[in-house]
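First the structure, in the form of structure tokens, and then the observations on it.
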Amino acid sequence: QVQLAESGGGSVQAGGSLRLSCAASGSSFKFGGMGWFRQAPGKQRELVAIATYDGTPTYADSVKGRFTISRDNSKNTVYLQMNSLKPEDTAVYYCAAEVDYGLGRPRDDYWGQGTQVTVSS
């Protein structure tokens, strides 16, 4: 059973930094895309950043230049370094990962339980 274990959320003042980690386990197949989404109160869940298996990143415009996504495939772990945090970054951050079965088979998506990030002004 695939599980995603997130860590690293918390509270910080504006301008501060946090680093999120997400360790995936439970699959004998490789994890393809891994990344982070967030959901603020009253808003829809949105993409923050995602990285392909080879590490190619995609960022939301709102976090470009401030957040950096990276991954360690040997540990099935994806990281999100968040710098210059703003109050509008306050949200529950969810890790997401897809299991890549290869051979063109459809991939399965999995989600973590979420970790709260609160940025005060």
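Go ahead and run the numbers for FRET between residue 11 and residue 109, Cβ-Cβ distance against an R0 of 25 Å, rounding to 0.05.
Details: r = 29 Å, r/R0 = 1.16.
FRET efficiency, residue 11 to residue 109: 0.30.
Might you tell me the accessible area per residue for the chain, computed with a 1.4 Å probe and given in Å²?
It amounts to 54 Å² per residue over the chain.
Which is the longest part of the chain that has none of the trypsin sites (Lys or Arg not before Pro) sitting in a DSSP loop with at most 12 other Cβ atoms within 10 Å? Could the numbers behind the result be given before it?
Values: sites that count: 43, 64, 75.
It works out to 76-121.
Quick check: net charge around residue 32, other residues with Cβ under 14 Å of its Cβ, Lys/Arg +1 and Asp/Glu -1?
Overall, the nearby charge balance is -1.
Straight-line reach from residue 30: which aspartates and glutamates have Cα under 13 Å away, leaving out those fewer than 8 places along the same chain?
54, 72, 98, 100, 108, 109
Need the full-extension length gain, residue 30 to residue 118, defined as separation in residues times 0.36 nm minus the C-alpha distance. One decimal, nm.
Result for the pair: 28.5 nm of gain on full extension.
The values are calculated or read from the model by the stated rules, or taken from the named source; none is laboratory data. The shown structure was predicted, so the numbers you read here are calculated from the model rather than taken from an experiment. In this analysis, Cβ positions are derived from the backbone assuming ideal geometry, glycine residues included, and neighbour counts consider all displayed protein chains. Calculation scope for accessible area: heavy atoms of the full protein, side chains included, ligands and nucleic acids excluded. Shrake-Rupley method; radii C 1.70, N 1.55, O 1.52, S 1.80 Å.
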